[in-house]
1. Just for segment 49-88: of the residues that are within 10 Å of the chain's Cα centre (by Cα) and of a type outside the set (D, E), which one is modelled with the lowest pLDDT?
2. Would you confirm whether or not segment 31-43 contains a residue that is open to solvent by 90 Å² or more (accessible area, probe 1.4 Å), charged (D, E, K, R), part of a helix (DSSP H, G or I) and more than 16 Å from M81 (Cβ to Cβ)?
3. Could you please find all residues in segment 13-30 being more than 15 Å from H85 (Cα to Cα) and open to solvent by less than 70 Å² (accessible area, probe 1.4 Å)?
4. Between residues in segment 21-36 that are in contact (Cβ under 8 Å) with a residue 12 or more places away in the chain and residues that are open to solvent by 80 Å² or more (accessible area, probe 1.4 Å) and not hydroxyl-bearing (S, T, Y), which pairs lie under 7 Å by C-beta distance while being six or more apart or on different chains?
5. Could you list, in sequence order, all residues of segment 44-82 that are open to solvent by 90 Å² or more (accessible area, probe 1.4 Å) and under 25 Å from C20 (Cα atoms)?
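The values are calculated or read from the model by the stated rules, or taken from the named source; none is laboratory data. Values in this document were obtained by computation on a predicted structure and should not be read as measured data. Here the Cβ positions follow ideal geometry from the backbone for every residue, glycine too, while neighbour counts run over all protein chains shown. Heads up: the accessible areas ignore ligands, DNA and RNA and are worked out on the full protein's heavy atoms, side chains in. Shrake-Rupley method; radii C 1.70, N 1.55, O 1.52, S 1.80 Å.
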Amino acid sequence: MKPTDILKTEHRVIEQVLNCLEAIANLAIRDGRIDTADALQAIEVFQRFADQCHHGKEEHHLFLWLESRGMPRDGGPTGVMFYEHEQG
């Protein structure tokens, strides 16, 4: 398995957690209450897994590798992805 395959698989996990949050939000709209325990668990996944683990791999390995091969950060895709990680 290539390192990029691992990152792609991790993206699918993050998408699944986003789908769960969407379902929690839809139930909150429908029922007028939110399942705070489930919502907090999803947020924790983002903080620990997405922000720390996954984004760290991308930023410290993939993005830097791409830049070492000539992809510019300023005005390039890695600059946009670093920015998106900061916004997240």
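1. G88
2. No, segment 31-43 has no match at all.
3. Correct list: V13, V17, L21, A23, I24, A25, A28.
4. Listed pairs, sorted by first residue: I24/I34.
5. Q47, R48, Q52
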